[in-house]
Amino acid sequence: MNIELEYYPKIEKKILERSLIKIDENKTKWQEPFFQDTQSYLDVSSIKEIGDRLSHPNLKNVIVLGTGGSIQTLLSLKHLSNKTIYPITSSRAIELNECLNKTDPNDSIVIPISRSGETLDVNSSIGTFLERNYKFLGLSSRGTMNELLKEIDAPIMEVPDLSGRFAASITNVAIVPAYLSGVDIDMFLNGLKEGYREFMREEINPALEFATYLYQLYTKGYKFLFSMPYSKNLEGSIGLLVQEISESTGKDGKGLMGSYQEAPLCQHSVLEYLLGGTKGAVIPLLFIINKEYPDLILNSSIDYVNGKSAQTVINYQADATFQALLEQKVPSAKISIKNPNEKNIGNLISFIQSSVYYLCLLLDVNWANNPKVNIGKKICNEALKNNLPESKRKKNREEIVEKSFENFW
């Protein structure tokens, strides 16, 4: 296994054994962890057949319309693509304009993704590409998006009715656009499968140990997991961790909030708080790659830097930050992967998803659902349908506050 977990203070074996018992007691309350099944929800031969048919020699750009779980796993693999991936997560003008200005219908394919077919962030952008004659491959099972793509005779591949943030890596959601982008999906799926064999074992393993570590800190009052990825090639995977840790554990008045900032930039913006600010609230989590690629040798006027590889210097900074945190009595962890190839990213995603699953069982919350997310979606859709002006939207908020925050101060 090409993942190494280092954390402090270490958890005693008897605490890990109690975690195993609690996980075993709670797992029957919720849905089975379908995400460890890397075969049943995929027809790899069909993916390759359709992908090869659509991947003409001029294909340069894969434009993915999706949000949340529909796109985050693909972003974990984005650095392995030999095409340019444009992740369009909403109708924000800057991203849409950049994509339209840099791509052409003749060298691009648009892949809208929505299990329900009703995702506003996806459907609001489809027409923009449609009127410019871009080619489409839909990933959906039903709804408005599905019907729209049928009208233009676009090929559509199924999306199973599974919790999206956990399902993308084992379904068409991530695997289809990854294949079209040139990612070695077989190597990725093998890494994923290998990881689950290790991390979903019904015995003490690194994912269970990490989940127990987070849970024990949670019981002591820690509520924020702040990740520090020391490579651009890790940021997609960390984005998946942020979503899964927040959306899966954060319910029933419980849970951890996930967030991240690229490192070592965060050493110059957040580290002072971590070292000298409020203690007992934030858990720092550092991510590094041992052998980055592409890497390069630095030509520096600093003697002890000159001749070292760029990533070597970055990893020295990561270890120094890790040590500084421990010196200031801040519980911290570091996760290392050997290199950022498909197999190791599969290992990393399996580690993330197994850890979050275990943490949810320790917290006694449903790992698969997200019941509060639709509240804002419903409010937005109603406002758009009724064309509510900004003044009326503000008035609605003021009326709600009068009731919800009465005598708050």
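The values are calculated or read from the model by the stated rules, or taken from the named source; none is laboratory data. Everything numeric in this text was worked out from a predicted model, so none of it was measured. Because the Cβ atoms are built from the backbone with ideal geometry, glycine has one as well, and the counts that use them run over all protein chains shown.
Picking from N344, N369, which residue would you name as being at pLDDT 95 or above and of a type outside the set (G, A, S)?
Testing whether each residue is at pLDDT 95 or above and of a type outside the set (G, A, S) leaves just N344.
Among the residues of segment 151-188, which ones are in contact (Cβ under 8 Å) with a residue 60 or more places away in the chain and of a type in the set (V, I, T)?
Result: I170, T171, V173, I175, V176, V183, I185.
Scan segment 315-339 residue by residue and report those that are closer than 21 Å to L80 by Cα and touching a Phe, Trp or Tyr at 6+ places or on another chain (Cβ under 9 Å).
I335, S336, I337, N339
In segment 205-240, what residues are of a type in the set (V, I, T) and either in contact with a His (Cβ under 7 Å, 6 or more places away or on another chain) or closer than 17 Å to S350 by Cβ (or both)?
I238
Considering I94, I85, I63, which residue is in contact (Cβ under 8 Å) with a residue 60 or more places away in the chain and either assigned to a helix (DSSP H, G or I) or more than 18 Å from S169 (Cβ to Cβ) (or both)?
Exactly one of I94, I85, I63 is in contact (Cβ under 8 Å) with a residue 60 or more places away in the chain and either assigned to a helix (DSSP H, G or I) or more than 18 Å from S169 (Cβ to Cβ) (or both), namely I63.
Output the residue which, of all residues in segment 197-210 that are surrounded by 24 or more Cβ atoms within 10 Å (Cβ to Cβ) and out of contact with any Pro (no Cβ under 7 Å at 6 or more places or on another chain), is farthest from Y86 (Cα to Cα).
Step by step, filter segment 197-210, then rank; the result is L208.
Considering only segment 201-243, state which residues are of a type in the set (S, T, N, Q) and either more than 17 Å from T73 (Cβ to Cβ) or assigned to a strand (DSSP E or B) (or both).
N205, T212, Q216, T219, S227, S231
Among the residues of segment 97-128, write down those that are part of a strand (DSSP E or B) and free of Cβ contacts under 8 Å to residues at least 40 places away in the same chain.
None; the set is empty.
Would you mind finding the one in A333, A320, A324, A368 that is among the small types (G, A, S) and closer than 30 Å to S116 by Cβ?
Checking each option against the conditions leaves just A368.
I'd like the residue in segment 328-355 that is of a type outside the set (A, V, I, L, M, F, W, C) and touching a strand residue (DSSP E or B) at 6+ places or on another chain (Cβ under 7 Å) and, out of all such residues, is farthest from E198 (Cα to Cα).
That would be P331.
For segment 108-116, check the following and say yes or no: at least one residue is closer than 23 Å to G51 by Cα, surrounded by fewer than 16 Cβ atoms within 10 Å (Cβ to Cβ) and modelled with pLDDT under 95.
no
Name the single residue, out of those in segment 66-82 being among the small types (G, A, S) and outside any helix (DSSP H, G or I), that is nearest to S125 (Cα to Cα).
Ranking the qualifying residues of segment 66-82, first place goes to G66.
Would segment 69-87 turn up any residue that is over 30 Å from V373 (Cβ atoms) and crowded, with 18+ Cβ neighbours inside 10 Å?
Taking every residue of segment 69-87 in turn, at least one turns out to be over 30 Å from V373 (Cβ atoms) and crowded, with 18+ Cβ neighbours inside 10 Å.
Would you confirm, using the coordinates I've provided, whether K254 is touching a Leu at 6+ places or on another chain (Cβ under 6 Å) and not small (G, A, S)?
Against the criterion (touching a Leu at 6+ places or on another chain (Cβ under 6 Å) and not small (G, A, S)), K254 qualifies.
For segment 241-254, state whether one or more residues are closer than 20 Å to A211 by Cα and basic (K, R).
The answer is yes; a qualifying residue exists.
Only one of these is at pLDDT below 95 and more than 30 Å from F35 (Cα to Cα): K329, K403, K377. Name it.
K403
Kindly indicate which of F136, F188 is under 18 Å from the mean Cα position of the chain (by Cα), surrounded by 20 or more Cβ atoms within 10 Å (Cβ to Cβ) and either over 30 Å from Q353 (Cα atoms) or not aliphatic (A, V, I, L, M) (or both).
Testing whether each residue is under 18 Å from the mean Cα position of the chain (by Cα), surrounded by 20 or more Cβ atoms within 10 Å (Cβ to Cβ) and either over 30 Å from Q353 (Cα atoms) or not aliphatic (A, V, I, L, M) (or both) leaves just F188.
Would you point out which residue out of K372, K394, K403, K308 is of a type in the set (K, R) and under 26 Å from the mean Cα position of the chain (by Cα)?
Every option except K372 fails the conditions.
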